[in-house]
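The values are calculated or read from the model by the stated rules, or taken from the named source; none is laboratory data. Note that this is a predicted model, so its numbers are computed, not measured. We place every Cβ from the backbone using ideal geometry, glycine too, and count neighbours over all the protein chains shown. Only protein heavy atoms, including side chains, enter the accessible area calculation; ligands, DNA and RNA are left aside. Shrake-Rupley method; radii C 1.70, N 1.55, O 1.52, S 1.80 Å.
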Amino acid sequence: MIDKKTNPLRYAKEVVGGDPFASLLGIVIEDVKTSYAKASLTIKNEYCNSEMRTHGGVIFALADETFAVAANSMGYTAFGLEMKINYFQATGPGDKIIAEAVPIDLRKRVSLWNVEIKNDRGEKIAVAHGMAYHFVD
């Protein structure tokens, strides 16, 4: 097992980023730095609604996973307390969407994160805010 205190970036990328649900969807962790994560997902037909547009839950899952990886990149365990998302533009099968998570405010026990989701042309698809609770030793 990778130790989150001695190797937090590897822990965030491989353990948190490799969780079963993220793996099932095919979410790829592109980059992890302290207090930062970038992840992507290529949209499949199965991820779409009846209008063949990406289901909001899939976009939310990518945002949530990226937030989780970033929040767990600092050497302690972080769990999401709350997350909200606003959608701006549709995507569909074959589109690649990319999420980047950065902190808005970091405190000892809680943090607030901004997650921007864009398509591979750089157009904004959605923005999410997530609040995490930290288990600090």
task = Please report Rg over Rh for the range 1-43, where both radii come from the alpha carbon positions and Rh follows the Kirkwood definition.
result = 0.99
task = With runs of 4+ DSSP H residues as the only contributors, calculate the mean residue ellipticity of the chain at 222 nm using -39,500 (n - 2.57) per run, divided by the residue total and rounded to the nearest 500.
result = -5000 deg cm²/dmol
request  = For Asn114 and Lys96, calculate 0.36 nm times their separation in residues minus their Cα-Cα distance, and state this gained length in nm to one decimal.
outcome  = 4.5 nm
note = For the range 1-52, averaging the sequence separation of alpha carbon pairs under 8 Å that lie six or more residues apart and dividing by its residue count, the contact order in percent is 23
message = Between Tyr133 and Arg53, how high is the FRET efficiency from 1/(1 + (r/R0)^6) when r is the Cβ-Cβ distance and R₀ = 41 Å? Nearest 0.05.
response = 0.80
message = Please compute the contact order of the range 67-137 in relative form: average sequence separation of alpha-carbon pairs under 8 Å and at least six residues apart, divided by the residue count, as a percent.
response = 40
key: the range 48-122: Rg to Rh, with Rh as the Kirkwood radius over Cα pairs   = 1.02
note = Taking a probe of 1.4 Å and leaving out DNA, RNA and ligands, the range 1-85 shows per residue an accessible area in Å² of 52
note = The relative contact order of the chain, taking Cα pairs under 8 Å that sit 6 or more residues apart, comes to a percentage of 25
inquiry  = Given R₀ = 22 Å, what would the calculated FRET efficiency be for Thr34 paired with Leu81, taking r from the Cβ atoms and rounding to 0.05?
reply    = 0.60
request  = Could you state the angle between the C-alpha long axis of helix 56-71 and the longest principal axis of the C-alpha atoms of the chain, as a value from 0 to 90 degrees rounded to the nearest 10?
outcome  = 20
task = Return the sequence-ordered ³J(HN,Hα) values of the range 89-106 in whole Hz as given by the Karplus equation 6.51 cos²θ - 1.76 cosθ + 1.60 applied to θ = phi - 60°, using x for Gly and Pro.
result = 8, 7, 10, x, x, x, 6, 9, 10, 10, 10, 10, 10, 9, x, 9, 8, 10
query = Under Stokes-Einstein, with the Kirkwood radius over Cα pairs standing in for Rh, what whole-number D in µm²/s applies to the chain at 25 °C and 0.890 mPa s?
reply = 166
